[in-house]
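This report refers to the structure that appears directly beneath it.
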């Protein structure tokens, strides 16, 4: 049986509030609760020096994209599970629109299980 770690994120306004900054490698279920007044999408991107937030949303197949959490409506929650190797990742608001660069982003460290 595959063990899945839960990683919770709460969206408040334009801010992502992660429940932690570290997750174990392997299957990780991102549980996203949207407490804001706007719908939000998220991208989980493997960190690299040439990957940064940008004006256009990340898409499947884009460099470094591990997975996308589809739109979470205000007041709703959504869970998406991705397999993550040990390393650094960025979790980024992937909602299109003006002013999204540098908004709603945090770094996640994925470590080998103990």
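Assorted remarks:
- Residue selection: residue 75 satisfies the criterion of being on the phi > 0 side of the Ramachandran plot, at pLDDT 90 or above and exposed (fewer than 12 other Cβ atoms within 10 Å of the Cβ).
- Residue count for the stretch 14-52, restricted to those that are over 19 Å from residue 65 (Cα atoms) and without any contact (Cβ under 8 Å) to a residue 24 or more places away in the chain: 3.
- Matching entry among 8, 85 (being surrounded by 14 or more Cβ atoms within 10 Å (Cβ to Cβ) and touching a strand residue (DSSP E or B) at 6+ places or on another chain (Cβ under 9 Å)): 8
- Unique residue being surrounded by 12 or more Cβ atoms within 10 Å (Cβ to Cβ) and within 20 Å of residue 110 (Cα to Cα) when the list is 21, 25: 25
- In the stretch 46-61 there is no residue that is at pLDDT 90 or above and crowded, with 17+ Cβ neighbours inside 10 Å.
The values are calculated or read from the model by the stated rules, or taken from the named source; none is laboratory data. Please read all numbers here as calculations on a predicted model, not as lab measurements. Virtual Cβ from ideal backbone geometry, glycine too; neighbours counted across all protein chains shown.
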